[in-house]
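*Asks:* To start, I am sharing the structure in question, which I have written as structure tokens.
The values are calculated or read from the model by the stated rules, or taken from the named source; none is laboratory data. Small disclaimer: the values here were computed from a predicted structure and weren't measured. Heads up, the Cβs are rebuilt from the backbone with ideal geometry, glycines too, and the neighbour counts pull from every protein chain shown. Keep in mind that these areas ignore ligands, DNA and RNA; they rest on the heavy atoms of the full protein, side chains included. Shrake-Rupley method; radii C 1.70, N 1.55, O 1.52, S 1.80 Å.
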Amino acid sequence: LINKLQPGSVSKICTSGGGFKLRENVSAFQNAARAYGLPDAELFQTVDLFEKRNIAQVTQCIHALGRQAQRKSFNGPTLGPKMAESNAREFTEEQLRAGQNMVGLLNDGMNKGASQAGQNIGLTRHI
């Protein structure tokens, strides 16, 4: 996959040998994906794929690779939505001042329904 997106990024692919040799393929993919632009947070660990420990992380990595390929104008099939280039927003001074007053309101009522007595449940001693 990575060689289709970035030809020559993995020069040697092991097709036979023990688990150690096959794990080297995964490691080579990870290094090439990192060089292609994927951040470490979107890569998976070798055991995630090889031992099927976290297939969701593997899937997330493949989708991240698809987004990066679109960003780099890959001329082939795409996977997933295109990564946003920017999300610039402009606010007036009036809007910024109004927002300063709203933040405090977000925390109002966060403790509704909880009582001080409820915090002591289980702490009473029977004599």
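*Asks:* Read through the list (1) among the small types (Gly, Ala, Ser); (2) modelled with pLDDT under 90; (3) surrounded by 10 or more Cβ atoms within 10 Å (Cβ to Cβ), then give the number of the only condition that residue 64 fails.
*Replies:* (2)
*Asks:* For the structure I just gave you, tell me whether residue 85 is over 30 Å from residue 23 (Cβ atoms), at pLDDT 90 or above and not polar (S, T, N, Q).
*Replies:* Values: over 30 Å from residue 23 (Cβ atoms): yes; at pLDDT 90 or above: no; not polar (S, T, N, Q): yes.
For residue 85, the condition - over 30 Å from residue 23 (Cβ atoms), at pLDDT 90 or above and not polar (S, T, N, Q) - is not met.
*Asks:* Could you please tell me which pairs satisfy a Cβ distance under 9 Å, a separation of 6+ or placement on different chains, a first residue in region 33-62 that is within 17 Å of residue 9 (Cβ to Cβ), and a second residue that is open to solvent by 40 Å² or more (accessible area, probe 1.4 Å) and of a type in the set (Asp, Glu)?
*Replies:* 33/42; 34/40; 61/42
*Asks:* Follow-up. Out of (1) under 19 Å from residue 80 (Cβ atoms); (2) more than 10 Å from the chain's Cα centre (by Cα), what's the single condition that is false for residue 14?
*Replies:* (1)
*Asks:* Tally the residues that are over 14 Å from the mean Cα position of the chain (by Cα) and either under 24 Å from residue 71 (Cα atoms) or crowded, with 16+ Cβ neighbours inside 10 Å (or both), restricting the search to region 34-49.
*Replies:* 5
*Asks:* Going by what's in this entry, would residue 98 be described as open to solvent by less than 70 Å² (accessible area, probe 1.4 Å), over 24 Å from residue 7 (Cβ atoms) and modelled with pLDDT under 90?
*Replies:* Yes: the conditions hold for residue 98.
*Asks:* Next up: I'd like the full set of residues that are hydrophobic (A, V, I, L, M, F, W, C), touching a helix residue (DSSP H, G or I) at 6+ places or on another chain (Cβ under 7 Å) and either closer than 19 Å to residue 52 by Cα or open to solvent by 40 Å² or more (accessible area, probe 1.4 Å) (or both), limited to region 5-21.
*Replies:* 13 - this is the single residue of region 5-21 that is hydrophobic (A, V, I, L, M, F, W, C), touching a helix residue (DSSP H, G or I) at 6+ places or on another chain (Cβ under 7 Å) and either closer than 19 Å to residue 52 by Cα or open to solvent by 40 Å² or more (accessible area, probe 1.4 Å) (or both).
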